[in-house]
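Before any comments, here is the structure.
The values are calculated or read from the model by the stated rules, or taken from the named source; none is laboratory data. Keep in mind that this is a model prediction, so the values were computed, not measured. Because the Cβ atoms are built from the backbone with ideal geometry, glycine has one as well, and the counts that use them run over all protein chains shown.
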Amino acid sequence: MLKKILILLVVSGLLAWTAAASTLRVADAAITTAIKQQMPVDRLESFPAGYGKLFCFTRIVGAKKATHVTHVWYYRDDELARVDLPVGSADWRTYSSKRFLPQWAGPWRVVILDEDGRQLATVPFVLE
């Protein structure tokens, strides 16, 4: 009987954990030239290659507990930066930034991952 109760508790815990993890989602994401009052000042898909520094703004909703997301910055298919960002509530805004060299013209993307490495969103942009 005790064994059955333990199994039931473990299964219930796993189901609750899976439900909590699956509710985390990206409500908004943008590449921007600046962040003001925790919001992006613009939302552009292409930037001059010599611009210098850009931000990836992300609004995460659905967190049931303190967690984190990761911004992975890719130039073409090469990972150039990985930034872990805390998520402290059910509606949380956060951002990371990346400096760029003028010779890094071409396609870029930021992949947003949950704490288990599952992809939540991708934000593509181009440096021209």
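Just name the residue that is modelled with the lowest pLDDT out of those in segment 34-44 that are touching a strand residue (DSSP E or B) at 6+ places or on another chain (Cβ under 9 Å) and over 20 Å from T70 (Cα atoms).
At the first step, the residues of segment 34-44 found to be touching a strand residue (DSSP E or B) at 6+ places or on another chain (Cβ under 9 Å) are 34-35, 38-44.
Going one step further and asking which of them are over 20 Å from T70 (Cα atoms), we end up with 41-44.
Numbers: V41: 98, D42: 98, R43: 97, L44: 92.
Applying the filter and picking the extreme gives L44.
What pairs come up if the first residue lies in segment 87-111 and is without any contact (Cβ under 8 Å) to a residue 40 or more places away in the chain and on the phi > 0 side of the Ramachandran plot, the second is surrounded by fewer than 17 Cβ atoms within 10 Å (Cβ to Cβ) and of a type in the set (A, V, I, L, M, F, W, C), and their beta carbons are under 8 Å apart, counting only those six or more places apart or on different chains?
These pairs meet every condition: G106/V126.
Looking only at segment 48-71, count every residue that is within 14 Å of S97 (Cβ to Cβ) and either part of a strand (DSSP E or B) or of a type in the set (G, A, S) (or both) and tell me the total.
First pass over segment 48-71, keeping only residues within 14 Å of S97 (Cβ to Cβ): 51-58, 71.
Then drop every residue that is not either part of a strand (DSSP E or B) or of a type in the set (G, A, S) (or both), which leaves 52-58, 71.
Residues in segment 48-71 being within 14 Å of S97 (Cβ to Cβ) and either part of a strand (DSSP E or B) or of a type in the set (G, A, S) (or both): 8 in total.
Evaluate the following for P107: is it under 25 Å from L24 (Cβ atoms) and outside any loop (DSSP other than H, G, I, E, B)? So that I can check it myself, show each step before the final result.
Working: under 25 Å from L24 (Cβ atoms): no; outside any loop (DSSP other than H, G, I, E, B): yes.
Here the answer is no, as P107 does not meet what is asked.
For segment 5-27, what are the residues that are more than 18 Å from E115 (Cα to Cα) and either modelled with pLDDT of 95 or more or part of a strand (DSSP E or B) (or both)?
The answer is none; no residue qualifies.
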